Amino acid sequence: ITREVNPKLGPFASSTEAWARMLKSGQTGGEMMADVDTRFGHERGLALFADWSDRIAAGETPAPPPRPQGLERNVVLSMWDFASDRAFVHDVAAGNSLHPTANAYGRIYGADTASGLIEWVDPVAFTKGTMKPLNFDAAPAPQPGPAPYNEMPSPHWGDEIVWPAPAGGVGGPIIDAKGRLWYSGRASTPPTWCGKDSANPFAKNFPVNPTGLVVFDPKTGQQTSAGMCGTSGSHRAWANDKDETLYTTMQPPPYPDSGGFAWFKTRVWEDTHDAEKAMGWCPGIIDYNGDGKIGAYTLPGEPVERGLDRMLSGVLPYGAGSNPVDGSFWVVGGVNGGPKTGIPGKIVRYTMGANPPATCMAEVYEPPFNNPKAPGVEGYGTQGVEVDSKGMVWVSLGSSAHLASFDRRKCKVLRGPTATGQHCLEGWTLYPVPGPTFKGTNVRSDYFYLSWVDREGTLGLGKDVPVIDGTGSDSLIAFLPDQQTFVTMRVPYPMDFYTRSMGGRIDDPDAGWKGRGIWAGNNERVVWHIEGGKGTTSQVVHFQVRPDPLAK
């Protein structure tokens, strides 16, 4: 569907004219056309698309991917249909990275941001289903975009609203040590302690908006609501502590690109059912004056002022991970801000300290880019981040097609007026990821969404193996640090396998390779564009590695 002119829309005098119509199709058509104009220029962008489809129409095909080599021959893929033919399952949750046997043989959950529902598949019973989030409401029909970017009827759905995106929907699903599902949703009773008029110390420090957090227990079938404050709900990670703290990214108003983080101590909440007591939050402030604490600070857009700390800008946090060694929370920044902030992008380290919010601290690091101190080494497009059991940070650089490790222990500067970006080049190591290139160049054309670290060997390739989404190459890509080699696990069909997230678990530690694996979803926004066309659902895939290609 994306490689040829749809005959339902024609005829057209040229491929350029056809693309001008195709790009405006459907609910996000106006957004797509606006993006083309912004990034390429209108005529140039349409000409690029037209040249591509004209060459395909003339019989040109891409180079085939290499056949599996070495360990790649041992990979076993099991696939289930997931959700519906109009779903947009953005995230998939299968297990807990700190407790790999949590949710053993349990359901795989997905957040369908198109319908606002929770999708699930039961890999034991071979069934799938849907669950309404707590306090779920229908939403009004989306409104068309502004002229000249008004959407036009879809060749597949006409004027039908296929993505209602209702209020009170689901986001950021994650599974705890008991196999329960946590997700962001609408609180039954919105918290009153988030805003500027509250006596809450975190609100006094930095007022934010109320949000919601819900936990679903599959054993009882009960959903329970807890209020939160300030979280964007996109990405979260478990801390390795006695409180089973759940970290979440934050985009605090009125400075959403400054970033920040929130936390919810789930065991405190279970003991007290006091959500206010269980949670806290802090904006992203770096110790710019280098005195070892956070004091008065300047805001984004304001000039630097001697003696004051500094609020971060250009963060717009996305991928997230937790360091099980020191309890710090890491996020990537810049990816949602376009080229201005996404190149080179950044990673941010947050800590709450002993007495938050007074002791909250942020640190920011950028990969080497256009830096004379690191000639010939450039990484950019930070997208996903996770931390292994030894404290090594692993980052997917989705735009430059690298996997990067970052060792903060090598950094000579951690705070002060120079600790604002590329001040710790010595901490970075970049590994070019093998994969497709743009025709006639050595420029990588793959794209990596999030990264994840298999701390407990759920895949069977060893412990502390970082894995990235080969989002542009239908694959998951594992990296073996000791051997410094990549293992590409490609999903051959249906084309394309567009994955955004993953998670591993161990169903049976005594069952060898059959009792473990990584789960990932086909998280395509427009599932009718993949092989099979309209009527094709999303999928969830179980990746497993045998000891040898013939192992049963």
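Miscellaneous remarks
- Take the conditions (1) in a strand (DSSP E or B); (2) among the aliphatic types (A, V, I, L, M); (3) within 30 Å of residue 507 (Cα to Cα); residue 177 misses just one of them, which is (1).
- Members of the range 443-470 that are surrounded by fewer than 24 Cβ atoms within 10 Å (Cβ to Cβ) and under 22 Å from residue 345 (Cα atoms): 443, 444, 445, 446, 447, 449, 453
- Long-range neighbours under 9 Å by Cβ, at least six apart or interchain, first residue more than 27 Å from residue 127 (Cα to Cα) within the range 67-94, second among the hydroxyl-bearing types (Ser, Thr, Tyr) and exposed (fewer than 15 other Cβ atoms within 10 Å of the Cβ): 70/485; 71/485
- In the range 348-376, the residues that are closer than 17 Å to residue 427 by Cα form Cβ pairs under 7 Å with partners that are aromatic (Phe, Trp, Tyr) and open to solvent by 60 Å² or more (accessible area, probe 1.4 Å), at six or more places apart or across chains, as follows: 367/380; 369/380.
- Residue match in the range 51-69 (condition: touching a helix residue (DSSP H, G or I) at 6+ places or on another chain (Cβ under 6 Å) and of a type outside the set (S, T, N, Q)): yes
- Candidate set: the range 5-58, residues that are among the β-branched types (Val, Ile, Thr) and open to solvent by 40 Å² or more (accessible area, probe 1.4 Å); chosen: the one nearest to residue 154 (Cα to Cα): 5
- Some residue of the range 217-226 being farther than 22 Å from residue 119 by Cβ and open to solvent by 10 Å² or more (accessible area, probe 1.4 Å): no
- Taking the range 300-332 as the range and being under 22 Å from residue 404 (Cβ atoms) and either touching a helix residue (DSSP H, G or I) at 6+ places or on another chain (Cβ under 7 Å) or among the acidic types (Asp, Glu) (or both) as the test, the residues that pass are 312, 314, 315, 316, 318, 326.
The values are calculated or read from the model by the stated rules, or taken from the named source; none is laboratory data. For clarity, every value in this text was computed on a predicted model and none was experimentally measured. All Cβ positions, glycine included, derive from the backbone under ideal geometry; neighbour counts span all protein chains shown. Areas reflect the complete protein model, heavy atoms only, side chains present, ligands, DNA and RNA absent. Shrake-Rupley method; radii C 1.70, N 1.55, O 1.52, S 1.80 Å.
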